[in-house]
Amino acid sequence: MSPHADVPATPTTGTDRVKRGLAEQLKGGVIMDVVTPEQARIAEDAGAVAVMALERVPADIRAQGGIARMSDPDMVQGIIDAVSVPVMAKARIGHFVEAQVLQALGVDYVDESEVLTPADEAHHIDKHAFTVPFVCGATDLGEALRRIAEGAAMIRSKGEAGTGNVVEATRHVRALRAGIRRLATLDETELFVAAKELRAPHDLVVEVARAGKLPVVLFTAGGIATPADAAMMMQLGAEGVFVGSGIFKSGDPAQRAAAIVQATTFFDDPDVVTKVSRGLGEPMVGINVDTLPDSQRFATRGW
Amino acid sequence: MSAPAPDPVRIGVLALQGDVREHLAVLTALGAEAVPVRRPEELAGVDGLVLPGGESTTMTKLAVRTGLLGPLREAVRGGLPAYGTCAGLVLLAERLLDAPPGQPTLGALDVTVRRNAFGRQAESFESRIELAGVPGGPLSAVFIRAPWVEEAGPDVEVLGRVVGGPADGRIVAVRQGDVVATSFHPELTGDTRVHALFVDVVRQAAAVGRAVAVPSGAGAGAPDPGGEQ
């Protein structure tokens, strides 16, 4: 068979390979939440592989309450104009028109995010219908595969955004990796039951079992606040890191951002992680996840 | 692949960020010893170097902060065979357009490269590309926020151009001596022919002893990866 049998003869946009391909390029990198063009430039200077444009970081969404929605298009545009790295932006779960607006603005990735208030209690966005790729959160393997079936081109752990507490991200990355390892031990017959138990399409379950990995890139998100948090996530098997409130809610954002970038690249070298962890000033003030009422937990949004 | 096993070659993949794993896998499948390179001392003993896809700004900043940029530049300008994909093409170029002001490069290719030339992610695409020197029909080519070569110097051989679409005719593959670069990502498509071409370049350079893996002393005295600059 020709190696290019499935490749179009003339330039074609929006294919699965093109959508998943951008996430492949972000691997080993840090994606930072920014709320102004100035913060976006600080993030780019620190070595961010991409920025997430939003009006309020998760810590402020928690503090201020109310309905959290897609950001103002002017604000997203300002950040697109300020940096040369890819720009992501968040749409509410199920809010396909917010996603249409973000695609029209030219963002490079849409995050269908539980950090915003869900707009649909039953359905996520049909992401196959878009040229722009989507990243979605997942707490375990079944949830990740349901999102991929809907067209997600990248998966991240949900964590518990805006808390500065990494415990939920740890739980989700461990659950995802353990789920993948378990599938690899099953035979063809058992994979049918596994698909039923995971509530995920059988063909995707088989694909993961054979490859020993998700068919898309896996990042971590939610509560990462220090270089050591980032390095731990990478050692647990994440392929890159989202940092939300952890940078611009800290004492010295530029230095902390650069330190987290370096700790993500040299995640397996404790000498480097030690060195970049020195003298960073105050980290963001954290929230103990156990004290959060269920109504304020973001990770339980989406299904 | 049925030929007798040639001398083993050791090829480094710059591993600061990007699709490092895919390059390591293709090179290993082609019979090379593939090793990640994150520190100056890891350049020692490699016969060739791959600069992967990723974010060129991120890779450059990490290379500067960790003291790797100088040794990298010395190595590729000193004749170390190199192959860059996408961000790797940006790193190898002598001149950049649409890059943050002052973004340093390795300057191993006499070309002017425009970053994100095809546009944002919505304009990212895949297609088939014919490459000079690569037999077997067109390649599967994936372009992700890709750069193109806007201008190539007299010693640069143009290997391939886009056919069709809004960027018809743009230069997307070049070679200058032992340095090869493509705007697209053969490492993502399972088509190993460009990597095979590069492994041959590395083998020939190693065989005639032209490969200067790293100038002596380049690793010594360089700041360690945690150093701040």
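The values are calculated or read from the model by the stated rules, or taken from the named source; none is laboratory data. Being a predicted model, the structure only gives us computed values, none of them experimental. As a convention, Cβ positions derive from the backbone with ideal geometry for all residues, glycine included, and neighbour counts pool all protein chains shown. Heavy atoms of the whole protein, side chains included, go into the accessibility calculation; ligands, DNA and RNA do not. Shrake-Rupley method; radii C 1.70, N 1.55, O 1.52, S 1.80 Å.
Here are the numbers for the structure shown:
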| quantity | calculated |
| --- | --- |
| A:ALA221 vs. criteria touching a residue at least 60 places away in the same chain (Cβ under 8 Å), touching a Phe, Trp or Tyr at 6+ places or on another chain (Cβ under 6 Å) and either open to solvent by 10 Å² or more (accessible area, probe 1.4 Å) or more than 14 Å from chain B (Cβ to nearest Cβ) (or both) | yes |
| Hits in region A:274-303 - residues which are in a helix (DSSP H, G or I), open to solvent by 20 Å² or more (accessible area, probe 1.4 Å) and within 14 Å of chain B (Cβ to nearest Cβ) | A:THR274, A:LYS275, A:SER277 |
| Only one of A:THR117, A:THR131 that is within 14 Å of another protein chain (Cβ to nearest Cβ), of a type outside the set (Asp, Glu) and either assigned to a loop (DSSP other than H, G, I, E, B) or open to solvent by less than 20 Å² (accessible area, probe 1.4 Å) (or both) | A:THR131 |
| Residue selected from region B:116-142 under the condition open to solvent by less than 10 Å² (accessible area, probe 1.4 Å) and in contact with an Asp or Glu (Cβ under 7 Å, 6 or more places away or on another chain), by the criterion modelled with the lowest pLDDT | B:SER140 |
| Some residue of region B:124-138 being assigned to a strand (DSSP E or B) and more than 14 Å from chain A (Cβ to nearest Cβ) | no |
| Matching option when the condition is closer than 18 Å to A:ASN165 by Cα, within 14 Å of chain B (Cβ to nearest Cβ) and either open to solvent by 70 Å² or more (accessible area, probe 1.4 Å) or assigned to a helix (DSSP H, G or I) (or both), among A:ILE247, A:ILE260 | A:ILE260 |
| Tally of residues being buried (at least 16 other Cβ atoms within 10 Å of the Cβ) and within 14 Å of another protein chain (Cβ to nearest Cβ) across region B:99-115 | 6 |
| Selected residue (criterion: nearest to A:VAL217 (Cα to Cα)) from residues of region B:143-170 that are open to solvent by less than 20 Å² (accessible area, probe 1.4 Å) and either in a strand (DSSP E or B) or without any contact (Cβ under 8 Å) to a residue 24 or more places away in the chain (or both) | B:PHE143 |
| Hits in region B:5-15 (condition: of a type in the set (Gly, Ala, Ser) and open to solvent by less than 70 Å² (accessible area, probe 1.4 Å)) | B:GLY12, B:ALA15 |
| Residue, most open to solvent (accessible area, probe 1.4 Å), within region A:224-236, restricted to residues that are within 14 Å of chain B (Cβ to nearest Cβ) and over 14 Å from the mean Cα position of the chain (by Cα) | A:ALA228 |
| Single unsatisfied condition, A:VAL107 versus (1) part of a loop (DSSP other than H, G, I, E, B); (2) within 13 Å of another protein chain (Cβ to nearest Cβ); (3) open to solvent by 50 Å² or more (accessible area, probe 1.4 Å) | (3) |
| Positions within region B:171-191 being open to solvent by 40 Å² or more (accessible area, probe 1.4 Å) and at pLDDT 95 or above, in sequence order | B:ARG175, B:GLN176, B:GLY177 |
